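Below is one structure, written out as structure tokens; comments come after it.
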Amino acid sequence: MHVVPSICTFCGVGCGLGLRVEEGRVIGVEPQPGHPVSEGQLCAKGWACSFAVEPAGRLREPLVRENGRLRPASWEEALARTAEGFQLALDELGPSGVGVISCAHASNEDNYAAQKFARAVLGTHNIDHCARICHSPSVAGLGRTLGSGAMSGGIADIDQADLLLVIGADVTENHAMIGARLLRAQARGATLIVVDPRRTRLARLADIHLQLRLGSNIALLNGLLHLILANGWEDRAFLAARCEGEAALRHHLANFDLAQCCVQTGLALAELERVAYLFSHARAAFTAYGMGITQFQSGTNNVIAVSNLVLACGQSGRPGTGINPLRGQNNVQGACDMGCLPDVYPGYQPAADPAVQARFGAAWGRPAPALPGLTSLAMSEAARRGQLRALMVMGEELVVTDPDQNQLLRALRALDFLVVVELRLSETARLADVVLPAAAFTEKDGTFTNCERRVQRIRQAVAPPGTARADWQILSALAACMGYSGMDWPDAEAVFAEMTALTPLFSAMDYPALAVAHGLQWPCDAAHPQGSPRLHERGFPRGRGRLLPVSQVPLDEVPDADYPFAFTTHRLHFHYGGGAMTRQSPLLERETPLALLFMHPADGAALGLGERQAVRVRSRRGRLETRVHLTDDVPPGTLAMPYHFREAPCNQLTNPAQDPISRMPELKACAVAVEPLAPGVTPRTTERHGRR
Ligand code: SF4
């Protein structure tokens with residue numbers, strides 16, 4: 001047996017692990033000793049990484065659809081079918097009729113290749129990925145206020161904070177090693193404040209839990225800011241030296257109605273005053289937030305409200321401070337960094353900037369796409385209208401994770417051509433015309449970027465099953481099939497080198513430098529050859545930090561007589577995303593095998609429901625059947641459900657109403673009705689989906 005150093009493939013914490021390899025198989029994992037993020041530990045998911053890539057059940061050869069069924073095919077046939085599918089759509093509708101959904105689990109090299117394939121080969125900016133439904137408001141909101149949407153501190157800053165403010169993030173479940181670090185900081189004396197409508201595990205352990213009403217984030221943050229400004233608790237020196245927009249913000253909050261704020265949030269004024277005082281008087285406050293801030297139609301403004309609070313108190317640019325969006329998937333930061341977004345090239349270089357277009361056009365030998373690109377949800381809408389005909393989905397389980405599942409299925413079925421690149425026959429792959437088998441992270445070289453901007457190496461430990469290939473190799477072969485030779489890289493290192501040559505943020509990075517000490521944090525350029533553990537120490541990327549007035553935005557859908565419960569989604573410690581990888585592990589599956597509906601015992605009593613009784617849940621968009629779990633994790637009147645389970649997909653229910661700036665759907669809030677099923681009735685499993 002030998003051990004190959006790698007990075008956990010689940011969440012954005014980016015823990016270091018060793019792959020235990022024996023006779024060409026990954027038989028297990030172990031923590032990397034001395035790793036700066038995970039410090040020789042892993043969470044339950046990390047320990048189960050090897051199950052996610054087990055060869056059993058993996059795709060070993062391409063599949064093509066014939067007479068309604070998927071059958072094995074050669075790579076030549078599958079690639080020719082894919083090239084033809086894209087070409088027919090291009091001939092009919094031009095570049096606006098095709099698109100690519102890239103993957104936050106794939107490597108930076110795969111994601112760089114995906115956006116280059118979209119832009120240079122298909123001639124379209126229609127490239128996006130699941131950051132759209134997790135942290136696109138962070139990119140938009142912090143881009144407006146600071147000039148960068150990434151985590152401004154490092155994970156190690158937690159150790160230097162004396163106050164930890166966690167807003168809308170279930171950290172012990174979703175970013176377990178950061179959750180452990182927060183609790184360790186609390187144990188050494190830091191004050192832990194959690195803002196969450198649910199009583200999460202972290203909320204139960206916190207010094208203060210502000211259990212605000214679902215979706216009242218801006219009311220709360222503005223209330224705290226009003227109290228800070230009214231009492232003179234702001235950091236005047238920081239505001240004068242580093243920020244702009246203070247007068248407009250003061251004017252906006254001058255007549256703020258605190259009584260109304262208490263009604264909107266459901267919180268007592270004394271609670272708000274205590275938190276406002278503690279946050280503004282902390283020596284170093286580390287602020288972290290998650291999808292409880294971003295997944296609303298007010299997502300971008302929610303992020304701006306967080307930014308206003310942090311800037312007004314000067315809690316940025318020093319050890320232990322910063323605004324820290326906790327990115328979801330292992331490489332969602334990297335997929336954004338690589339330009340898998342419709343409006344930016346790699347390194348957030350604006351797609352609309354003629355100088356940027358000219359540079360990439362010259363380097364790639366193809367002119368920049370002429371039209372602005374579509375987001376992933378806009379691509380779905382275009383497909384439903386017949387305005388997008390051919391789509392590549394690279395490793396994302398859209399059918400399980402996107403909002404309003406029925407509308408998404410309509411969109412995918414309306415396509416003339418769908419190609420899916422996957423490890424296994426996922427729910428999305430079952431709908432495809434062509435399925436291409438992909439190599440897992442243990443079977444290829446490359447890099448992942450964690451939530452603190454740390455670019456780390458992954459290394460090939462074993463061969464892929466059958467004829468599976470790395471995503472960048474698949475895209476390279478497909479590009480050649482479509483007459484473009486500019487993606488003919490010899491190896492992953494060459495892909496990375498091309499990216500760094502075109503991307504100033506990464507210009508001083510290369511594979512040997514990344515191997516020295518557990519990676520480098522961007523920006524890493526001539527001025528920062530050792531990377532940048534902390535951002536914004538002297539200035540912000542946009543110059544001054546901008547304070548922007550924002551107001552509470554009502555939820556798109558609130559409970560009424562027909563749909564009397566507020567409904568929200570959450571994740572569980574033992575599963576990840578659509579469950580495609582974690583549910584391969586019998587150990588993780590044993591812990592939580594069911595999608596339960598979390599309901600307060602008072603609501604259960606009112607409906608005559610006992611623990612695990614079967615129910616039907618309906619929204620205006622769809623329905624599902626499951627069992628209830630009676631718990632005070634949720635307040636009366638609010639229900640919650642995890643989204644890992646295809647048998648009871650909560651995205652049958654969720655609302656696609658979107659944030660007008662980032663196009664983030666309001667996944668965290670909608671209204672539902674609940675009906676008990678007859679005693680003894682087993683909940684019906686939602687059926688698998690077929691192409692036609
Ligand atoms: Fe993997 Fe995240 Fe757990 Fe670390 S915290 S072991 S990266 S799932």
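The values are calculated or read from the model by the stated rules, or taken from the named source; none is laboratory data. If you're wondering where the values come from, they're calculated on a predicted model, not measured in any experiment. Here Cβ is always computed from backbone atoms with ideal geometry, including for glycine, and neighbour counts include all displayed protein chains. Note: accessible area is taken over every heavy atom of the protein model, side chains too, but ligands, DNA and RNA are not part of it. Shrake-Rupley method; radii C 1.70, N 1.55, O 1.52, S 1.80 Å.
Remarks
- The simple spin-label model puts a point 7 Å past each Cα toward its Cβ; for R204 and A480 those points are separated by 5.6 nm.
- With the whole protein complex present, S476 retains an accessible surface near 20 Å², based on a 1.4 Å probe.
- For the peptides 100-108, 467-475, 606-614, the ranking by mean Cβ contacts within 10 Å, running from highest to lowest, is 100-108, 467-475, 606-614.
- Annotation for D510 and R69: the two label points, set 7 Å from Cα along the Cα-Cβ direction, are 5.3 nm apart.
- Local charge for M1 was computed over the other residues whose Cβ lies under 15 Å away, with Lys and Arg +1 and Asp and Glu -1, and equals -1.
- Centroid-to-centroid separation of the range 383-412 and the range 156-172 [C-alpha atoms, Å]: 36 Å
- In range of the label at E611: residues from the range 661-687 whose backbone nitrogen is under 20 Å from the point 7 Å along Cα→Cβ: 676-677, 679-683
- Carbon/sulfur fraction of accessible area - the range 2-52, other protein chains in place, 1.4 Å, %: 53 percent
- In the context of the full set of protein chains, residues of the range 538-678 present 37 Å² of accessible surface per residue (probe radius 1.4 Å, heavy atoms only).
- Our coupling estimate for the range 523-531, obtained by passing each phi through the Karplus curve with A = 6.51, B = -1.76, C = 1.60 and θ = phi - 60°, is x, 9, 9, 4, 7, 9, x, 9, x Hz, Gly and Pro reported as x.
- Segment R60-R274, extension gain: residue separation times 0.36 nm, minus the distance between their alpha carbons: 71.2 nm
- Highest mean packing first, where packing is the average number of other Cβ atoms within 10 Å per residue, the peptides 304-317, 204-217, 660-673 line up as 304-317, 660-673, 204-217.
- Residues within the reach of a label modelled at A463 (point 7 angstrom out along Cα to beta-carbon, backbone nitrogen below 12 Å), restricted to the range 108-131: there are none.
- Student exercise, the chain dipole from Lys, Arg, Asp, Glu Cβ charges, in Debye to nearest 20: 420 debye
- Placing one equal scatterer on every Cα of the range 498-652 and applying the Debye formula, the log10 ratio I(q)/I(0) at q = 0.16 Å⁻¹ is -0.90.
- Note that the range 497-509 has calculated 3J(HN,Hα) couplings of 5, 5, 4, 5, 5, 9, 10, x, 4, 10, 5, 9, 8 Hz, one per residue in order, obtained from phi through the Karplus relation 6.51 cos²θ - 1.76 cosθ + 1.60 (θ = phi - 60°); glycine and proline are x.
- Rounded to the nearest 20 debye, dipole of the range 157-229 from Cβ charges on Lys, Arg, Asp, Glu: 240 debye
- The simple spin-label model puts a point 7 Å past each Cα toward its Cβ; for E244 and S551 those points are separated by 2.5 nm.
- The listed residues M509, M482 rank as M482, M509 when sorted by accessible area, largest first, using a 1.4 Å probe.
- Rule-of-thumb Rg ratio for the range 136-326 [Cα; 2.2 N^0.38 Å; N residues]: 0.93
- Lysines whose Cα lies under 24 Å from that of K444, excluding same-chain neighbours fewer than 8 positions away: K45, K116
- Convex hull volume of the C-alpha atoms in the chain, normalised per residue: 147 Å³.
- Ordering of 599-605, 644-650, 334-340, 24-30 by packing [mean C-beta count within 10 Å, highest first]: 334-340, 644-650, 599-605, 24-30
- Reach of K668 by Cα under 19 Å, taken over aspartates and glutamates that are not fewer than 8 positions away in the same chain: D170, E173, D196, E397, D402, D404, D556, E557, D560, D632, D633, D659
- Long-range amide H partners of S532 with built H, under 5 Å: Q521, W522
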